[in-house]
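A short worksheet on the structure shown next.
The values are calculated or read from the model by the stated rules, or taken from the named source; none is laboratory data. All figures in this text were calculated on a predicted structure; none of them were measured in a lab. Glycine also receives a Cβ, built like all others from the backbone with ideal geometry; neighbour counts cover every protein chain displayed. Note: areas computed on protein heavy atoms with side chains; ligands, DNA, RNA excluded. Shrake-Rupley method; radii C 1.70, N 1.55, O 1.52, S 1.80 Å.
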Amino acid sequence: MKILNFGSLNLDYTYGVSHIVREGETILAKDVNMNLGGKGFNQSVALSRAGVPVYHAGLVGEEGLDFYDACENFGIKTDYIKTVTGRCGHTIIQVDDEGQNSIVLFGGANQKNSKEYVDEVLKNFEAGDVLLLQNEINELPYIIDQAFAKGMTIILNPSPFDERLEECDLGKVSIFILNETEGQQMTGMTTPTTIVAALDASFANAKIMLTLGKGGSIYHHGDEELYQAAFDVEAVDTTAAGDTFTGFFVAGLLKKMPMRDTLIMATKAAALAVQKKGAAQSIPFMSEVELFNI
Ligand code: RIB
C-alpha cells in the first residue's frame, strides 16, 4: 500500500505582530521569517515524522526549488513533484503575541494542476493505496473522481474551506479531518455535536475527525464516538498545528493503532507543534511525541 499526498507547497512569509492587523491599519512587524510550508507539504512532513513513507505530488514555481531538497531531508518522496513556470504558492502569515495566526494565501503554482498531470501521477497508484488531499490546489474534483475510480482510499482535509469544494463528489471521501470552522462552513451547524451529526447524516460511511483547538477533538464513525481533550500548553505559534494533527492521525490509522492511542498521539504532536514557531519546522519527531508528558 502506497500513500500519496497531492497537495500544496507554499513559501510562508511569517510576520510576528503585536496583534493581527485591523482594516485600514498599518502596524510594524517585530520580525519576519521565510519558511517552506503549505498544508500539503506540512502534512507530508507530519506523516513522514510519524513514520509513514509518503509520496508528495504538487507543483512548485521557479523560486520553489528548495522544496526538493527539503522533501529529501524530511524523507518525503519527490518523484511526482513538478516545477512549472511562474510564481510558487506563497502566504503572508501574521502571528500575534498569543500565537494566533491569520493567513493570506496566493495560490501560484498550486493552482496550475492539469488533468494530464493528475493522470501522470495517479497512473503510479492502484486500488488499496491511500490519497490525502487538502483544499489548496485546483483540480480537486478530478483528482477525487480519478482516485475513487481506481479504488484508492481518499482522505480529505477540507482546508481552507471554500465554495470550490461544492464541485467535489464528497461521497467518494472515506475520511474527513476538519476543524470546527470548516465543520460549520460545511454543514451550517454551530456546535461540535450538531456538526458531527450533520456530517454523519450526509456521509454515513465516512470516518469523521473534528478538531476543536483547545477544546480537544471528536472522532466519529458508525457507532463509535470518542472525545479527546487537548493538552494545556503555552502556544507561541499555532500555524500547522492542524496539519501536524492530520499527519499523525492518518499515521495512526494506517498503522492500525487503537483509535484512543491515535487520538492521544495526534493531540500530543499538535501540542508540541504550537510550542514552536513556524509551520513545517514546528512539526515534532515521533521520538519527541513519545516522550511528551504533561
Ligand atoms: O496550515 C498552515 C499552512 O497554511 C501554512 O504553512 C501556509 O502555507 C498555509 O497554507
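Some values worked out for this structure:
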| quantity | calculated |
| --- | --- |
| Filter result for residue 237 (of a type in the set (D, E, K, R) and farther than 29 Å from residue 12 by Cα) | no |
| Pair list, Cβ under 7 Å, 6 or more apart: segment 33-56 residue more than 9 Å from the ligand (Cβ to nearest atom) and at pLDDT 95 or above, other residue open to solvent by 40 Å² or more (accessible area, probe 1.4 Å) and among the aliphatic types (A, V, I, L, M) | 52/254 |
| Counted residues, segment 54-85 - those being among the β-branched types (Val, Ile, Thr) and open to solvent by 40 Å² or more (accessible area, probe 1.4 Å) | 2 |
| Verdict on residue 32 being farther than 12 Å from residue 110 by Cβ, outside any helix (DSSP H, G or I) and either of a type in the set (Asp, Glu) or open to solvent by 60 Å² or more (accessible area, probe 1.4 Å) (or both) | yes |
| Enumeration of residues in segment 270-294 that are of a type in the set (Gly, Ala, Ser) and in contact with a Lys or Arg (Cβ under 8 Å, 6 or more places away or on another chain) | 282 |
| Matching residues, segment 83-111, being on the phi > 0 side of the Ramachandran plot and in a loop (DSSP other than H, G, I, E, B) | 86, 99 |
| Test: residue in segment 71-83 that is under 10 Å from residue 9 (Cα atoms), within 15 Å of the ligand (Cβ to nearest atom) and aromatic (Phe, Trp, Tyr) | no |
| One residue from 237, 232, 223 being open to solvent by 60 Å² or more (accessible area, probe 1.4 Å) and farther than 24 Å from residue 170 by Cα | 232 |
| Some residue of segment 239-252 being over 17 Å from residue 207 (Cβ atoms) and more than 18 Å from the chain's Cα centre (by Cα) | no |
| Restricting segment 130-185 to residues that are assigned to a loop (DSSP other than H, G, I, E, B) and more than 16 Å from the ligand (Cβ to nearest atom), the residue that is most open to solvent (accessible area, probe 1.4 Å) | 169 |
| Which numbered condition residue 17 misses (of (1) open to solvent by less than 40 Å² (accessible area, probe 1.4 Å); (2) more than 14 Å from the ligand (Cβ to nearest atom); (3) under 15 Å from the mean Cα position of the chain (by Cα)) | (3) |
